[in-house]
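The values are calculated or read from the model by the stated rules, or taken from the named source; none is laboratory data. Remember, it's a predicted structure, so these values are computed and weren't measured experimentally. So basically every Cβ, Gly included, is an ideal-geometry build from the backbone, and we count neighbours across all protein chains shown. Only protein heavy atoms, including side chains, enter the accessible area calculation; ligands, DNA and RNA are left aside. Shrake-Rupley method; radii C 1.70, N 1.55, O 1.52, S 1.80 Å.
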Amino acid sequence: MVKKSMTVKLKGGLEARPIAELVQVASKYDSRIYIELGTKRVNAKSIMGMMSLELDNGDEMTVSADGSDEQAAIDEIEQFVTAPEVAAEK
């Protein structure tokens, strides 16, 4: 299992479109992936779960992944949530 804290750096936080894109990123991996914010912990492959987190720019979240491709999953999720230019283009 790999666990990593990261800060959301997307302009406007994770609204509907970026949330859907993040779920797609997580869904590419076989590992079980969870995102924690405060006391909430949700499956990163669940659009409804991710929407319930109400992540915003500057929030510190923890991503955990467990499985054969856990490190790759963590790395790509971190790249997605910490790349403000990606969200600005979409």
Task: Output for the range 11-32, where each listed residue is of a type in the set (S, T, N, Q) and either over 14 Å from Ser64 (Cα atoms) or not in a loop (DSSP other than H, G, I, E, B) (or both) - done: Gln24, Ser27
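Within the range 66-81, track down each residue that is over 10 Å from the mean Cα position of the chain (by Cα) and either buried (at least 19 other Cβ atoms within 10 Å of the Cβ) or among the polar types (S, T, N, Q) (or both).
The initial filter retains those residues of the range 66-81 that are over 10 Å from the mean Cα position of the chain (by Cα), namely 66-72, 75.
Ser68, Glu70, Gln71, listed by residue number.
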Task: Count of the range 48-65 residues which are open to solvent by 70 Å² or more (accessible area, probe 1.4 Å) and modelled with pLDDT of 95 or more - done: 2
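Restricting attention to the range 38-63, which residues are assigned to a loop (DSSP other than H, G, I, E, B) and either over 14 Å from Ala20 (Cβ atoms) or out of contact with any strand residue (DSSP E or B) (no Cβ under 7 Å at 6 or more places or on another chain) (or both)? Quick ask: steps written out before the conclusion?
Filtering the range 38-63 down to residues assigned to a loop (DSSP other than H, G, I, E, B) leaves 38-39, 44-46, 54-59.
If the condition is that a residue be assigned to a loop (DSSP other than H, G, I, E, B) and either over 14 Å from Ala20 (Cβ atoms) or out of contact with any strand residue (DSSP E or B) (no Cβ under 7 Å at 6 or more places or on another chain) (or both), then Gly38, Thr39, Ser46, Glu54, Asp56, Asn57, Gly58, Asp59 are the ones that fit.
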